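Worksheet: the structure to be examined is printed underneath.
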Amino acid sequence: MKKVATAYVLTCTLLIISIWCGVAIGSVHIPIEVLWNQSVDETAANIFWKIRLPRVLLAGLVGASLAIAGAAFQGLLKNPLADPYTLGISSGASVGAVMTIFFSISMPVVGLYALPTFSMIGAIITMVIVMSFARVVDRSLKMETLILTGVIFSSFLGSLISLMIALSGEELRQVIGWLLGSVSMRGWPYVHMIIPFVIVGSLMLWTQRRELNVLLYGEERAKHLGVNVKRSKYLILVGGSMLTGAAVAVSGTIGFVGLVVPHMTRMIWGSDHRHLLPLSFFNGATLLIICDLVARTIILPRELPIGVITAFIGAPVFSYIFYKQRRGKGVRA
């Protein structure tokens, strides 16, 4: 119990520090007095409330969404190589988002939420197709088969996106901006856009925390222990795809967060999903806030796409996990 308490205290402390660094550091330094007295520096106060704070919160929500979705997928598939990026779900969400922009799709009922809604639909459809195709190819659903299937469908979906880019006119800049992955100049509307999906998706995964623990021992044993495996799979896949779709809709494709964060959290604090899910949520937020800070300050006054920073971190970690697994030394979900 002491270890669990330490994990939450340390994780939340790091998140708070990263949030403050994210809002304070940049081309304009934000003094801490701005929090309670905006008259100290009105320019800094405007930058803090209108630009930095929504950007940092959006980065945190996106990182948290991808990380908790990755932790759930890894638990469901019993393999640490699973995440929304490697399974092709991010590509499906990207197609949904780009199609919404390209065809200027709007829905009177959902209004502002049309973009994340179609992105989420794209993610869910892709997940179902990838899982179904992989099961047809290999009924044991080995991870290598699943990843290769994800790569195949990611390539196909990438070609669809390229086609829309080639045919686009005024939408080109917006589409390219989405694909590079960024939380720059999004503002409060995008924070408001993602919050409902983060809450609903995270709660769906949280309700399955005990089922995920049992599923680690296999589906047959889970059934004997009273788990409704089909229902649990459905809730996990829909919840994870919802989080991925919403994250991609507001920030574009940002890879490896859902791979790196759950794996590192599991290594340090254990694989109990009652704690792995929330800890991954907080750590994912911390990681992406820090990555966004690096992306916008490392080559001032220019910015790097945030996906570049996460790829620099994620690709070596992915290689390491894959190497250890193939060598049989055991990185286990």
The one condition in (1) within 17 Å of the chain's Cα centre (by Cα); (2) touching a residue at least 12 places away in the same chain (Cβ under 8 Å); (3) open to solvent by 10 Å² or more (accessible area, probe 1.4 Å) that residue 263 fails to fulfil: (3)
Which numbered condition residue 270 fails, given (1) at pLDDT 85 or above; (2) open to solvent by 10 Å² or more (accessible area, probe 1.4 Å); (3) at negative phi: (3)
Which numbered condition residue 70 fails, given (1) over 30 Å from residue 155 (Cα atoms); (2) buried (at least 17 other Cβ atoms within 10 Å of the Cβ): (1)
Scope segment 15-47; condition free of Cβ contacts under 8 Å to residues at least 12 places away in the same chain, part of a loop (DSSP other than H, G, I, E, B) and either open to solvent by less than 80 Å² (accessible area, probe 1.4 Å) or touching a Gly at 6+ places or on another chain (Cβ under 7 Å) (or both); matching residues: 37, 41
Segment 113-127: number of residues that are open to solvent by less than 30 Å² (accessible area, probe 1.4 Å) and over 15 Å from residue 198 (Cα atoms): 4
Selection status of residue 206, closer than 23 Å to residue 86 by Cα and either in contact with a His (Cβ under 7 Å, 6 or more places away or on another chain) or open to solvent by 50 Å² or more (accessible area, probe 1.4 Å) (or both): yes
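Taking the stated definitions as given, is residue 254 within 23 Å of residue 129 (Cβ to Cβ) and surrounded by 19 or more Cβ atoms within 10 Å (Cβ to Cβ)? Outline the logic, then answer.
On the way: within 23 Å of residue 129 (Cβ to Cβ): yes; surrounded by 19 or more Cβ atoms within 10 Å (Cβ to Cβ): yes.
Taking the combined requirement at face value, the residue satisfies it.
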Verdict on residue 193 being aliphatic (A, V, I, L, M) and farther than 16 Å from residue 69 by Cβ: yes
Whichever residue in segment 130-150 is part of a helix (DSSP H, G or I) and exposed (fewer than 15 other Cβ atoms within 10 Å of the Cβ) and, among such residues, is modelled with the lowest pLDDT: 144
Restricting segment 209-237 to residues that are assigned to a loop (DSSP other than H, G, I, E, B) and not aliphatic (A, V, I, L, M), the residue that is least open to solvent (accessible area, probe 1.4 Å): 218
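The values are calculated or read from the model by the stated rules, or taken from the named source; none is laboratory data. Small disclaimer: the values here were computed from a predicted structure and weren't measured. When we count neighbours, we look across all protein chains shown, and the Cβ atoms used for this are built from the backbone with ideal geometry, even at glycine. These accessible areas exclude ligands, DNA and RNA; they are computed on the full protein's heavy atoms, side chains included. Shrake-Rupley method; radii C 1.70, N 1.55, O 1.52, S 1.80 Å.
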